[in-house]
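To start, the structure under review is shown below, and the notes come after it.
The values are calculated or read from the model by the stated rules, or taken from the named source; none is laboratory data. What you see is a predicted model; the values in this text were computed from it and never measured. Backbone-built Cβ (ideal geometry, glycine too); neighbour counts: all protein chains shown.
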Amino acid sequence: MSCSRWRTIQIKKADLVIRSLSNKSPPRNMPEIKPRFRPGDWTCPQCQFINHAHRTQCRECDHTLDGQSRTPSLGDWICPECQYYNFRRQLVCRKCTTLKPIPTA
């Protein structure tokens, strides 16, 4: 007896899920999800995919981004040898171990 009752409840829940997915707008209690764009992250000029700062090649379309077209955040630096994006706390490049360049005034 309880099995048929349980199935009825499951069907109703599934029906609600299907109905809510078919709506074009999200439910009122669901917050809008926005991508986190952190300092140094970049948008691929070819496919508009948002890549993490450490990437020199787009994860989606393999477009290579040269270091000249990237602007690091305050204190972050781009390795002059391999073009890897390094955060300010790093004293050597995480990819090729080149020393952090001394900033010029």
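Quick notes on this structure:
- Residue list for region 60-70, restricted to those being more than 19 Å from Phe87 (Cβ to Cβ) and either at pLDDT 90 or above or surrounded by 13 or more Cβ atoms within 10 Å (Cβ to Cβ) (or both): Glu60, Cys61, His63
- Note on region 82-96: residues that are modelled with pLDDT under 90 and within 9 Å of His54 (Cβ to Cβ) total 4.
- Of residues in region 71-81 being at pLDDT 85 or above and not aliphatic (A, V, I, L, M), the one farthest from Cys93 (Cα to Cα): Gly75
- Pair list, Cβ under 8 Å, 6 or more apart: region 90-105 residue assigned to a loop (DSSP other than H, G, I, E, B), other residue of a type in the set (D, E, K, R): Gln90/Lys100; Leu91/Lys100; Cys93/Glu81; Cys93/Lys100; Cys96/Glu81; Thr98/Glu81
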